[in-house]
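The next block holds one structure in the form of structure tokens; read it before the comments.
Read-outs throughout are calculated quantities, based only on the coordinates presented, and are distinct from any laboratory measurement. The shown structure was predicted, so the numbers you read here are calculated from the model rather than taken from an experiment. As a convention, Cβ positions derive from the backbone with ideal geometry for all residues, glycine included, and neighbour counts pool all protein chains shown.
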Amino acid sequence: MSNQIEKHEQLRKAALEYHAQPIPGKLAITSTKQLVNQHDLALAYSPGVAAPCEEIVRDPTAAFKYTSRGNLVAVITNGTAVLGLGNIGPLAAKPVMEGQAVLFKKFAGIDVFDLEIDESNLDKLVDIIASLEPTFGGINLEDIKAPDCFYVERKLRERMTIPVFHDDQHGTAIVVGAAILNGLKVVGKDPKRVKLVTSGAGAAALACLGLLVKLGIPRENIFVTDLAGVVYEGRTELMDEDKVVYAQPTTARTLGDIIEDADIFLGLSAGGVLKPDMVRKMANRPLIFALANPTPEITPERVSAVRDDAIMATGRADYPNQVNNVLCFPYIFRGALDSRATTITLEMEIAAVHAIAELAQAEQSDIVAAAYAGEQMAFGPEYLIPRPFDPRLMTRIAPAVAAAAAKSGVAMTPITDLEAYRVRLEAFVYASGTLMKPIFAAAKRATSKRIAYAEGEDERVLRACQIIVDEALARPTLIGRAAVIARRIEKFGLRLIEGEDYDVVNVEQDHRYRDFWNGYHQLTERQGVTEQMAKIEMRRRLTLIAVMLLKKREVDGVICGTWGTTSTHLHYVDQVIGKREGVNNFACLTGLILPSRQVFLADTHVNYDPSAEQIAEFTILAAEEMLRLGVQPKAALLSHSNFGSSQQPSALKMRKALALVQAQASWLEVDGEMHGDMALDVVGRKKLMPRSTLLAEANLLVFPNLDAANIAYNLLKTAAGGGISIGPILLGAAQTVHILTSATTVRRLVNMTALAVAEVGAQR
């Protein structure tokens, strides 16, 4: 017990520090427009702001075009039912509302103002909220006690022409609905034939029941209990118009009485109310949803002590099947806002239910697996619903909701091209999506798409291969131990089948071994590699095996580098594949997806202190690669020197490199040497150098040495890029090889595979 108290206190201290540092709270407001000069001020405020005001007077819907309203949601509470803390008031509820706002932004890109309103008179509360309609595109009610919340929501829906959603009711109901549908599927029971018993009759419970009825569970099969016992016909104690709907003709008066033969227990009440003896009386293979927080109605440990066939769900993250509203509310609002829905209909809620339920039955996402390392997540008793960090929630739920809004007739701007909409949402989820879209299209069309993965046993590689196979991007060849690969595929819940979806080069025994070591020896015998060394290396060097496959034309491209260093892998690439004709040096180009721009950096991984000639060469190679990516390169050669301000050797080197690039690639827009800020600040550059040959904002940043390039890349990636990068892209190789890094993600593996296939198709 003392250990539990200590853990609780540690969590409390950590939570307080988290909320206090480095800036109090979890929210800040950031401007979307620059305000750096008098002209900007004139546009942003007086007199320029009058123009959009006049447009909105003429057409009120123009507010969605000229203001943030279309992506702005209010999270509102009066603090009467906050989490499990009760009626703690609106001020104390503010951390919760800020948390809700953070989830909206993180998972769906929706901006939020949290509003804590000190008002318990319901009609006044309705008036206050309704008066805010000009500000917001949607209203998310939170932590308002029952039955007050029903009244408030009903009145607001009657008065307002924007979506109003009470998360405690509908959010919970949607996730519970998805979990119960999937739970019944797992146990093989018909929703129309099950008995459901609830503990609790508050907002969440009644909303769940209402939706479950719409999903197929007959009302006459639902039995409700609360503080006064069973809700039966004729009962008057603690009854209201919403609860009386579920009154049953029964002699049972307690939860212990009514629980017998129940197929489903739905708890939204208080910790400990469901006892082990009650669980014993439930039907075969029962579903037990103990959702009270922080203490469930019964813990999984107590259930497993008396039943080995029960399936559990709780509201807690430390148990399987966490029922978490974040699975739905950001995406429901995303779909509602994007379709300009005037309300959220039952059809939209049901669409969300089915989208969530179906997603749980698909194989798990790599990002989910990373967030919940070590946990088995395949559809079944311990995985009924997706995890909150599954990036596919956005692309599944929001389009389903938007489509339902259009079908319901409440969408002011119906989304007609749902596939294009999914692509746009995916670009938000995977910020690299927009840039990579044409590359993916080219990869899908390609005919030569056999890609070897040197580290074929790596979890990231296997997960990436599942996506690659599903998307028809490539035919993977995995290098490793065949039995280990098969076991890991099964462990991770993937659907890959050897011979059908992928091929294996078995490092323990492969018929190509003699041919490969002999070929390698012939290539390197005058580089000090003996026969015996060639035999040993061909057994243990995975990248060597991969590039020999490429040399022998058994694959079309190679991906390696998830282990080790760039130089280690490049050594074998150089020995076996070598450089393209006319190219003297390898280099690496890395792309970063930043909040407001895409930039490429060179050379981030290969040349420690390149000469002017080397810099000129890889600048041109990098620019050509960007063209293949569909990006028009605009290069800046960076230095501590700004257009001749220094005569240090590195400055002179970049100055010379500029002359060489301009002579060898007159088509490339380039200038230098310059400071980093000058590369990105067009106005500042024009003031300093009016006749600069770089006319626009640079998107190809070329550094004087490896230290500068690699440090800049890692700093930008971490501080501003959300860790999202493309590459490293190996420049200068005779055939398609890319050496990634130990920090490579599954998404980057997928992106680089598509790029490799596209490069092969380009027949350079």
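Phi angles of the range 230-239 translate, via the Karplus equation with coefficients 6.51, -1.76, 1.60 and θ = phi - 60°, into HN-Hα couplings of 5, 7, 10, 4, x, 5, 10, 6, 6, 9 Hz per residue; Gly and Pro are given as x.
For the chain, the relative contact order works out to 9 percent when only alpha carbon pairs closer than 8 Å and six or more residues apart are counted.
Here's how it looks for Cys588: its modeled amide H is under 5 Å from those of Thr604, His605, Val606, Asn607, Leu731, which are all 5 or more places away or on a different chain. Overall form of the range 68-162: oblate. Here a/c, set by the Cα gyration tensor axes a ≥ b ≥ c, is 1.5 or more, and a/b is not larger than b/c.
When you restrict to C-alpha pairs under 8 Å that are six or more residues apart and normalise by the size of the range 504-557, the relative contact order lands at 30 percent.
The protection proxy used here, the mean number of other Cβ atoms lying within 10 Å of each residue, ranks peptides 85-97, 174-186, 59-71 as follows, highest first: 174-186, 85-97, 59-71. Taking a sphere under 12 Å around the Cβ of Glu669 and counting the other residues whose Cβ falls inside, with K and R at +1 and D and E at -1, yields a net charge of -1. Amide H contacts of Ala341 (H built 1.01 Å from N, in plane; Pro and chain starts excluded): Met412 sit under 5 Å, all sequence-distant by 5 or more or on other chains.
For the Cα atoms of the chain, what angle does the longest principal axis make with the long axis of helix 329-338, in degrees from 0 to 90, nearest 10? The angle comes out near 70 degrees.
Can you work out D for the chain in µm² s⁻¹ from Stokes-Einstein, where Rh is the Kirkwood radius over C-alpha pairs, the temperature is 10 °C and the viscosity is 1.306 mPa s? Reported coefficient: 54 µm²/s. Other residues whose C-beta falls under 10 angstrom from the C-beta of Ala93 contribute a net charge of -4, scoring Lys and Arg +1 and Asp and Glu -1.
A simple packing score, the average count of other Cβ atoms within 10 Å per residue, orders the peptides 310-322, 497-509, 520-532 as 310-322, 497-509, 520-532, with the highest score first.
Using a cut-off of 9 Å between beta-carbons, work out the net charge of the residues near Asp263 (Lys and Arg +1, Asp and Glu -1, Asp263 not included). Show your work: numbers first, answer last.
Values: positive: Lys189, Arg193, Lys195, Arg285; negative: Asp261.
My count for the surroundings of Asp263 gives +3.
Per residue of the chain, what 222 nm ellipticity follows from adding -39500 (n - 2.57) for every DSSP H run with n ≥ 4, rounded to the nearest 500?
-13500 deg cm²/dmol
May I ask which of Lys33/Lys124; Lys192/Lys281; Lys33/Lys106; Lys105/Lys155; Lys407/Lys444; Lys155/Lys243 have a Cα-Cα span longer than 25 Å here?
Details: Lys33/Lys124 36 Å; Lys192/Lys281 21 Å; Lys33/Lys106 21 Å; Lys105/Lys155 27 Å; Lys407/Lys444 33 Å; Lys155/Lys243 19 Å.
Going by Cα-Cα distance, Lys33/Lys124; Lys105/Lys155; Lys407/Lys444 fall outside the 25 Å limit.
A simple rule links phi to the HN-Hα coupling: the Karplus curve 6.51 cos²θ - 1.76 cosθ + 1.60 with θ = phi - 60°, which for the range 655-666 gives 5, 5, 4, 4, 4, 5, 4, 4, 6, 8, 9, 5 Hz, with x for Gly and Pro.
Angle of helix 542-551 to the longest C-alpha principal axis of the chain, folded into 0 to 90 degrees and rounded to 10: 60°. Judged by the mean number of other Cβ atoms found within 10 Å, the most tightly packed of the peptides 393-405, 26-38, 653-665 leads the ranking 393-405, 653-665, 26-38. Over the range 49-145, Cα pairs under 8 Å with separation of 6+ residues give a relative contact order of 38 percent. To the nearest ten degrees, helix 346-360 and the longest principal axis of the Cα atoms of the chain are 50 degrees apart.
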